[in-house]
Amino acid sequence: MELTPHVQEKLHAGHKLTAVVEAGLVQDFIKNTRVVALIEVASTHVKQGGEQALLIFQTARVPVHSAIDLSIEQVIAVDTNLKCEIDTSSLDVDTDVLVNITSGKVRLLFEMPFSQRTNAFVSEILRAAEVVSKRRGPPPEFAWLQPYQKSSTSSQDPASPGSAPTTADTLDGLGGDAVSLGDVSVDICQNLSSTYPDPANCNTENSSVHTENERSPDLGVNRHSIATGLSPTPIAARESHIRYQMAMREDAYTDIQEFTVFVGTWNVNGRSPTVGLAEWLAVDAEPPDVYAIGFQELDLNTEAFLFNNSPKEQEWLNAVLNGIHPKTKYRKVRLVRLVGMMLIVLVQEKHLAYVRNCAIDTVGTGIMNKMGNKGAVSVRLDLHNTSICFVNAHLAAHQEELERRNEDHDCIFQRTCFHLNITSNSPPKTIKDHEHIYFLGDMNYRINPCDMNIREVASSGEFKLLLQHEQLTQQKNAKRIFHKFKEGNILFKPTFKYDVDSDEWDSSEKARQPAWCDRILWYGDSITQLEYRSHPQLQISDHKPVSAIFMAGIKVVDTRRYRRIYEEVMKKLDKLENEFLPQVTIDTTEIILEPVKFYQSQTKYLTIANTGQVPVQFEFIKKLNDVTYCKPWLSIRPYSNFITPGEKCDVSLEVLVDKQTAAQLNSGVDQLYDILVLHLEGGKDLFITITGDYERSCFGSSINALVHMNKPFRDVPVAKLIDLESKQPKELSEMPYAVPKELWYLVDHLHSHGLQVKGLFTHPGLQKEIFEIRTCLDEGVEHQVLPGSVHSVAEALLLFIEALPEPVIPYSLYQAALDATPNFSLCKEVINKLPDYHRNVFEYLMAFLKELLNHAEDNTLDANTLAHVFGSVLIRESSAVAGSSDRRNQNQAIERKKQTFVHHFLMND
Amino acid sequence: MAQRGGAQRPSGGGQGKICQFKLVLLGESAVGKSSLVLRFVKGQFHEYQESTIGAAFLTQTVCLDDTTVKFEIWDTAGQERYHSLAPMYYRGAQAAIVVYDITNQDTFGRAKTWVKELQRQASPNIVIALAGNKADLANKRMVEYEEAQTYAEENSLLFMETSAKTAMNVNDIFLAIAKKLPKSDNNARSCWMLQVITFKTGETM
Ligand SMILES: Nc1nc2c(ncn2[C@@H]2O[C@H](COP(=O)(O)OP(=O)(O)O)[C@@H](O)[C@H]2O)c(=O)[nH]1
Ligand SMILES: [Mg+2]
């Protein structure tokens, strides 16, 4: 299916289609087809080119045939809010991947095939997002998207039924129980039409109330989309949904518990820990729950710089372990070091069991953006249910390198990436993917030159005056760096630069100005800073250590509530799954046939009505060990079909006992009885029983049985019929006929009335008359007169011969007969081998045919025609062999041989 | 930045692993197979339960301490004439509940034949439970509890008397089966761990 041209047609001039895919938009375990396109505006149209956006189209039909089938449902600008994640965790379940696209309050979950195309598409989105994240200057305006916004169904007419069956509306769709499970819907129940920042459309209350009505109260599923038949299918990725639902209900099963977090940073200027660190790390009365301790310039050796190994690592770790709060026991969670930057994260021993998914990363921003003398080292972890990230940075030095510091900051945010190795399938995490972030380190931001004597003011304690000129504060206020981060009030002297082993400002030649290089910032709700301070008592470095104490609200899972909610989610899911199973009603499970007669077809109907909520694919399936789904005398049309909800399908069941099936029924091997298994794909099976009585007939009876019946066929008891058809009949007639009397009636009738009739055996008879002849033969012929025209009698004769379960030339002699055709005497040998009654029949028929040829002038028959007609009914291949295909290819040659065989007997004596 | 972390398995034991099993119900017609399923899946009971002509299909999940078991339940028709179709449903099943009616001795005999057939023809590891249903009709009891229990013990079957009407032992018998089923990875069609999954609200920095 080629989507590109159709989507292209939908775009306005100057807008380019970058990539497009078809995907399933997942809404409450139901997925609907959408077309997702990434588009770009050319640089001539907006000041800054390269702005991109995602268009989400609804499709009127699948596959899409033209642009008319597409209507815009969503417009999502690719801005810094856009996130795109692949969740491949369900890969072992099926071959689809889940792609999360989130922007602002909008969350869309798509199921896409695990393919090259999907991969390429997601890569394009990620690339577009990266471009945005790197751009400088004012944020893009996306004015060029206005026309799409206007045409999107949801914004145009918020009341249109198809408007917003979107994920955001229906996330809580496991039912109306969002309330009881806690406040899930507050921040998600927003109409997606407000995706694009158009304040007029942000009237969330109205739109969500509306969609509430559209949805069925018990299911939380948009029935409209079901009714319109755009076949939503229950999706397989159940597991992802459970996680999703659980994530949405997190508030309902977690409690916030306060944890104290100690964060410290110190540029140690390459010195060794010759003093105890307790004055920095253990000055508070109570031990913190978590320690994150960062160092810079741990080692200034070239060795450390080039090979990143350093004896200082162990020295300082030991110093830390000796200096931390003595009141309780701590365990190291992670230590990460890159050249001089080192970060140690410790937790109280009792918390260790609740720390999971730890990961580290390092980013060097030194020379060539690679060397590790500058950059950051980071640790991420989940403490209970809260994700936390610690970043220890060392940014570019020197008064004038402000922009470099900013770039280092950007670089750290962009490049830090944590891979959670326990599940290789969960997407890597960036710093910003965490709920709590602590950013510490030697940021190296200075105080801009001003008309104050910085040293004097710094010493005086009038920090407010100085902080106005402080670069980090300025850059942060300008939103250039640390957007949305917080920093506590600085109430301590600048921590840089001192003469070592003193509290004196730098007395060296360079005479550096004092600066608050060493800082701690944080991001995240439910974090309160309790302390922010320096520790000037520690004098071994030209920096003073800094520390901060935080009170952090950590989400702790309540197992009991978690379990209850988990079970609830499962129940809802089961309910949904069961309700979305295919359901049909059939008008009968018991089909009773009128008495079935040989060669006379009968049709019954079965109505299958789709009474469920999903389209049904039904099929009559084979029972175990069966090769076909029904008996050979039955044919079902259609035996497989698709029914949309509310629709019906009539299935015809035609019963026809013909020459192939009559013998089995006559002999009692088979009965007019079958159980059909009607299978609904992905759902239940229904059994349909079909029963009827077969009126046995001389047609389909064997020569050997018929010659022993000296009463009309109908008067012979069934038991006797079955006995006569068996291999060794018990009750043979004492005076068997030479040929079956029915055959004699047929031939005699033709002999009396047909010798002179033109077109005998080539002119077709009438079905109705043939049935009458059959009934007459079965019930007993009176006065040797058969009903119907001679043509019907002629055809009945052929049918009679053809229906013989064992042909006149028995199956065992079939090949011999064909092989004998070159030579009449060989043919005669075959005839000599026939069982007595078969030979009688053969010779009787040949005599009759010759007699016919004696009247060729009247009936215009010729030997070739007769030999052909009779050859094909007298000499038959067993149906087991006849099926194979190479046999069928030789059909013509075989038919000719049969003809030749009979022809010999017509022309010779 | 993330507003919500993900759902994680609480350390105290969660429902990390989901295993899926096929379970089939067998037994004489009208002993209450469909009623047991209806009670288990929907918590309902119908005095006039429509008789099953075919094989009904439903799913239901049971949460154990360390795993979650999802049953794919096949409720078969009990009439003798559909007997030959039963293998289609017990073939490949990891669990079976053979049901009889405690007020009807014949159905107990029929249950025994089902057990025998399962032992011979179903998968060798199949977990079989015997349910003596309609236990609420104790005054019309024809099959003694001890008799059935002895039989179940001899054949290593789980055994409970149940009542779809009062719900007695209905969840319990499914739960007992869920517990007994082997939860190794290759027995389950799909096993997975609940992992952190973060759905961002877009509250970025
Ligand atoms: N008193 C009582 N009646 C039951 C119980 N279970 C089923 N029934 C009734 O027995 C009849 C047959 O139940 P059904 O579930 O259709 O049996 P199935 O043919 O084995 O599926 C229905 O009328 C039910 O209402 C039970 O536990 N107690
Ligand atoms: Mg039933």
Subject >> A:Ile367-A:Leu826 pseudo-label distance in nm [points 7 Å out on the Cα-to-Cβ vector] >> reply: 10.0 nm
Original post:
How many partner chain Cβ atoms sit within 10 Å of a residue's Cβ in peptide A:577-590, on average, as a whole number?
Top reply: 2
**OP:** Determine which residues of region A:479-508 fall in the zone a paramagnetic label at A:Asp410 would reach in this model, i.e. backbone nitrogen under 20 Å from the point 7 Å along Cα→Cβ.
**Re:** A:479-485
**OP:** Quick one: dipole size for region A:269-387, taken about the Cα centre, charges +1 on Lys/Arg Cβ and -1 on Asp/Glu Cβ, in debye to the nearest 20.
**Re:** 280 debye
Original post:
Based on the alpha-carbon gyration tensor of region A:737-907 and its eigenvalue square roots a ≥ b ≥ c, which shape applies: rounded if a/c is under 1.5, prolate if not and a/b is larger than b/c, or oblate?
Top reply: prolate
Original post:
So what are the radius of gyration and Dmax for the Cα set of region A:351-497, in Å?
Top reply: 17.5, 57
Original post:
Which percent of the accessible heavy-atom area of region A:256-559 goes to carbon and sulfur, probe 1.4 angstrom?
Top reply: 49 percent
**OP:** Among the lysines, select those whose C-alpha is under 20 Å from the C-alpha of A:Lys741, and discard any that sit fewer than 8 residues away in the same chain.
**Re:** A:Lys659, A:Lys711, A:Lys720
Original post:
Leaving out same-chain residues fewer than 8 places away, which aspartates and glutamates sit with a Cα under 17 Å from that of A:Lys828?
Top reply: A:Asp819, A:Asp836, A:Glu843, A:Asp909
Original post:
Over region A:364-477, what is the percentage of antiparallel beta bridges among all DSSP beta bridges, to the nearest 5?
Top reply: 65 percent
**OP:** Using a 1.4 Å probe and counting only protein heavy atoms, arrange A:Arg564, B:Arg120, A:Arg876 so the residue with the most accessible area comes first.
**Re:** B:Arg120, A:Arg564, A:Arg876
Subject >> Among A:His469, A:Val457, A:Ile520 the positive-end extreme of the charge dipole of region A:376-530 (Cβ point charges) >> reply: A:Ile520
Original post:
Given the protein chains as shown and a 1.4 Å probe, how many square angstrom of A:His855 are accessible, to the nearest 10?
Top reply: 40 Å²
Original post:
Hey, any idea what the orientation-averaged projected area of the convex hull of region A:256-559's Cα atoms comes to, in nm²?
Top reply: 15.7 nm²
Original post:
Counting only other chains, what is the mean number of Cβ atoms within 10 angstrom of the Cβ of each residue in peptide A:246-255?
Top reply: 4
**OP:** Using the Cα centre as the reference, give the magnitude of the dipole from point charges on the C-beta atoms of region A:737-907 (Lys, Arg: +1; Asp, Glu: -1; all else neutral), rounded to the nearest 20 debye.
**Re:** 540 debye
**OP:** Kindly flag which residue pairs out of A:Lys684/B:Lys140; A:Lys631/A:Lys730; A:Lys604/A:Lys631; A:Lys31/B:Lys17; A:Lys134/A:Lys374; A:Lys623/B:Lys42 have an alpha-carbon separation exceeding 23 Å in this structure.
**Re:** A:Lys684/B:Lys140; A:Lys631/A:Lys730; A:Lys31/B:Lys17; A:Lys623/B:Lys42
Subject >> Order by protection proxy (mean Cβ within 10 Å, highest first), peptides A:565-577, B:134-146 >> reply: A:565-577, B:134-146
Subject >> Partner chain coverage, peptide A:379-387 - average Cβ within 10 angstrom >> reply: 3
Subject >> Chains A and B, summed buried accessible surface - 1.4 Å probe, Å², nearest 100 >> reply: 5700 Å²
Original post:
Does region A:550-651 come out rounded, prolate or oblate, given a ≥ b ≥ c as the square roots of the eigenvalues of its C-alpha gyration tensor, rounded meaning a/c under 1.5 and, failing that, prolate meaning a/b above b/c?
Top reply: prolate
Original post:
Given the pairs B:Lys70/B:Lys134; A:Lys479/A:Lys544; A:Lys571/B:Lys70; B:Lys33/B:Lys134; B:Lys33/B:Lys165; A:Lys575/B:Lys70, which are separated by over 18 angstrom at their Cα positions?
Top reply: B:Lys70/B:Lys134; A:Lys479/A:Lys544
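The values are calculated or read from the model by the stated rules, or taken from the named source; none is laboratory data. What you are looking at is a predicted structure, and each value in this text was computed from that prediction instead of being measured. A quick note on method: Cβ atoms are made from the backbone with ideal geometry, for glycine too, and the neighbour counts reach across all protein chains shown. Calculation scope for accessible area: heavy atoms of the full protein, side chains included, ligands and nucleic acids excluded. Shrake-Rupley method; radii C 1.70, N 1.55, O 1.52, S 1.80 Å.
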